[in-house]
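The values are calculated or read from the model by the stated rules, or taken from the named source; none is laboratory data. All values derive from a computational prediction rather than experimental measurement. All Cβ positions, even for glycine, are placed from backbone atoms using ideal geometry, and neighbour counts span all protein chains on display.
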Amino acid sequence: MKKLIPLFIAILILGCKIDGVSEADVHFLNGYWEITEVEFPDGSVKTYGLNQNIDFIYLENGEGYRKKLQPKFDGSFDTSNDMEYFTLTTTENEVVLHYKSDFSEWEEQLVHIDSMTFSVTNPEGVRYTYKRFEPIKIPQ
């Protein structure tokens, strides 16, 4: 039995996956996204149904921008020329988006990402969850 304890400890250590975002996955940020929910530090959640605005995110070589768009039924978008520029910093188990505009600076930690969803958390503990935007298709 004493010989099995180190084996169980080794299995436990190897079986535990550190929950984090890989730098190799940040390319999934590129594209069109719509917010699905916001979770506040007190545990309350605000969910979003149909969104009038979506975000377009472009990222290349650790730098990018986020732009607000309004989808139209013909598949095009209305937008302003405003963009939020950001840089990406990565550590062993953390990916942070650092935003800077003429009016302020802020950051968000990327806490989950895959090809269809991503979540970020701001320093106040508010978590924003997004899903890949799919345009509404109206049959003709």
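Matching residues to (1) exposed (fewer than 10 other Cβ atoms within 10 Å of the Cβ); (2) part of a loop (DSSP other than H, G, I, E, B); (3) in contact (Cβ under 8 Å) with a residue 24 or more places away in the chain:
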{"site": "W33", "(1), (2), (3)": "no, no, yes"}
{"site": "V38", "(1), (2), (3)": "no, no, yes"}
{"site": "G49", "(1), (2), (3)": "yes, yes, no"}
{"site": "F103", "(1), (2), (3)": "yes, yes, no"}
{"site": "E107", "(1), (2), (3)": "no, no, no"}
{"site": "F118", "(1), (2), (3)": "no, no, yes"}
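Condition first: surrounded by 10 or more Cβ atoms within 10 Å (Cβ to Cβ) and either touching a helix residue (DSSP H, G or I) at 6+ places or on another chain (Cβ under 8 Å) or modelled with pLDDT under 50 (or both). Can you find one or more residues in the stretch 10-21 that meet it?
Yes: one or more hits.
With modelled with pLDDT under 95, of a type in the set (G, A, S) and under 24 Å from N61 (Cα atoms) as the only criterion, which of S119, S104 stands out?
S104
Hey, among the residues in the stretch 68-101 that are β-branched (V, I, T) and farther than 26 Å from I136 by Cα, which one's modelled with the lowest pLDDT?
Only one residue tops the list, namely T91.
Taking the residues in the stretch 69-91 that are free of Cβ contacts under 8 Å to residues at least 24 places away in the same chain, out of contact with any Phe, Trp or Tyr (no Cβ under 9 Å at 6 or more places or on another chain) and assigned to a loop (DSSP other than H, G, I, E, B) as candidates, determine which candidate is surrounded by the fewest Cβ atoms within 10 Å (Cβ to Cβ).
N81
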